[in-house]
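Notes follow the structure.
The values are calculated or read from the model by the stated rules, or taken from the named source; none is laboratory data. Note that the coordinates shown come from a computational prediction; the quantities given were computed from them, not determined experimentally. Counting neighbours? That spans all protein chains shown, and the Cβs are built from the backbone with ideal geometry, glycine included.
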Amino acid sequence: MSDIQFSRSTVIRGKLESAYGVETPPGANDAAFEVSNLSYKRLDGSRPARESVDPYFGHPGELPGRHYSSLGFSTYVRKVATPGDKPDIDPLLQACGLAAVITGGQDVTYNPVQKNLKSMTFWAHLNGHLHKVVGARGSLQLSGELGGQLRAQFSFQGLPKGSPADEAFPTIARPDGCVDALDGDNCSVTLFGTPLQIVSFSIDLQNQLQHIVTSAGEQIAITNRAATGELVVIKPSVSEFDYHAKEADPCATGTLELTAGGLQISAPAVSLGTVTDLGDHNGVATVTLPLMFRRSAGNDDLLLKFS
């Protein structure tokens, strides 16, 4: 009888590909991603039902179809150790349609792009089995609240590479450094030019992923992006910030500047959706402001800067 496998014996490693769908094995110096809330489906998609007339009851079975792999997980967002360094989640961000630009050796900014998109190879060590996924692209959701840590939730789709095989558990390196809690010193927000008292936030890139199959092959494509978010703040006075007027005018836009730990999030044209006006945070009135990230000039709807 084989040894039992422990459910926590799971490691996710990955690396950006030099060409789409070409397996790029993670090397010994590529740290494993520190993940939680892991989900994985090797053969996602659908198989067509076998539709036939038969005089007998019973399941008709299914026919072969096209499949992709889906992989999702959450990870911490750390402050970079040295200004100008890329964060440890850099390859994940780039595989979500975000291009990295280093400015003055001090800041690394990720801006959305829609051409020449990067892709990743993932090696998922799942309880003694090695699963390989190539050509992976994904979407990103950022979230944080005061007193907690800044987290990123990634959702990837890719192409299954071969069949899973028994594999010895690898020797891995974990990302270095602690993960700071968000507090009044390192977390702040300004919306429409007005500073607000932030409680929590979430931002969803909402990349639209499509499994494209043609005579030339198959790929996972990002075919659209429509970023949204939510901002929970201590309820301001109308004279301080009239969100009622802004939610009533869907054409009204303003800037967003949000700092969370070592990450700065900015947007040039945010509009408000329908506001939830009866929130509570430890007995204090709050308001939830739905955000829609709109373009000002080209692909500038959302910028992420690590410094």
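Conditions tested, residue by residue: (1) over 16 Å from Gly261 (Cβ atoms); (2) under 11 Å from the mean Cα position of the chain (by Cα).
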{"position": "Gly65", "(1), (2)": "yes, no"}
{"position": "Phe73", "(1), (2)": "yes, yes"}
{"position": "Tyr76", "(1), (2)": "no, no"}
{"position": "Asp85", "(1), (2)": "no, no"}
{"position": "Asp88", "(1), (2)": "no, no"}
{"position": "Pro91", "(1), (2)": "yes, no"}
{"position": "Cys96", "(1), (2)": "yes, yes"}
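With part of a strand (DSSP E or B) and among the charged types (D, E, K, R) as the only criterion, which of Glu240, Glu247, Glu230 stands out?
On the way: Glu240 fails: part of a strand (DSSP E or B); Glu247 fails: part of a strand (DSSP E or B).
Only one candidate qualifies: Glu230.
When residues of the range 119-148 are filtered for being more than 30 Å from Val233 (Cα to Cα) and more than 17 Å from the chain's Cα centre (by Cα), how many remain? Show your work before the answer.
Step one: filter the range 119-148 for residues more than 30 Å from Val233 (Cα to Cα), giving 119-137.
Then keep just the ones that are more than 17 Å from the chain's Cα centre (by Cα); that gives 123-134.
The total comes to 12.
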Legend entry - Flag if Gly254 is modelled with pLDDT under 95 and either closer than 28 Å to Gln106 by Cα or under 27 Å from the mean Cα position of the chain (by Cα) (or both): no
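What are the residues in the range 66-88 that are among the aliphatic types (A, V, I, L, M) and surrounded by fewer than 20 Cβ atoms within 10 Å (Cβ to Cβ), if any? Give the steps one after another, and end with the answer.
Applying the first criterion (among the aliphatic types (A, V, I, L, M)) to the range 66-88 yields 71, 77, 80-81.
Selection gives Val80, Ala81.
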Inset, instruction - Could you tell me which of the residues Leu117, Leu159, Leu93, Leu126 is of a type outside the set (Asp, Glu), under 16 Å from Lys15 (Cα atoms) and either free of Cβ contacts under 8 Å to residues at least 24 places away in the same chain or surrounded by fewer than 20 Cβ atoms within 10 Å (Cβ to Cβ) (or both)? - result: Leu117
Inset, instruction - Quick one: which strands (runs of 3 or more DSSP E) lie wholly within the range 140-218 and hold at least 1 residues that are closer than 30 Å to Ser46 by Cα? - result: 151-160, 198-204, 207-214
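Any residue at all in the range 195-207 that's at pLDDT 95 or above, over 23 Å from the mean Cα position of the chain (by Cα) and within 24 Å of Arg295 (Cβ to Cβ)? Walk me through it before giving the result.
Here is the first cut: in the range 195-207, the residues at pLDDT 95 or above are 195-207.
Next cut, over 23 Å from the mean Cα position of the chain (by Cα) only: 195-197.
With the extra rule that they be within 24 Å of Arg295 (Cβ to Cβ), the set shrinks to 196.
Yes; the residues of the range 195-207 include at least one that is at pLDDT 95 or above, over 23 Å from the mean Cα position of the chain (by Cα) and within 24 Å of Arg295 (Cβ to Cβ).
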Inset, instruction - Considering each residue of the range 200-243, count those that are of a type outside the set (S, T, N, Q) and within 30 Å of Gly283 (Cα to Cα), and give that number. - result: 16
Legend entry - Residues satisfying the stated conditions in the range 271-307, i.e. of a type in the set (Ser, Thr, Tyr), within 22 Å of the chain's Cα centre (by Cα) and assigned to a loop (DSSP other than H, G, I, E, B): Ser307
Inset, instruction - Please work out which one of (1) assigned to a loop (DSSP other than H, G, I, E, B); (2) free of Cβ contacts under 8 Å to residues at least 40 places away in the same chain; (3) in contact with a Pro (Cβ under 9 Å, 6 or more places away or on another chain); (4) surrounded by 15 or more Cβ atoms within 10 Å (Cβ to Cβ) is the condition Gly105 fails and give its number. - result: (4)
Legend entry - Among residues of the range 241-255, those that are under 11 Å from Arg294 (Cα atoms) and in contact (Cβ under 8 Å) with a residue 24 or more places away in the chain, counted: 3
Legend entry - Members of the range 18-36 found to be within 18 Å of Phe154 (Cα to Cα) and surrounded by 11 or more Cβ atoms within 10 Å (Cβ to Cβ), listed by number: Ala31, Ala32, Phe33, Glu34, Val35
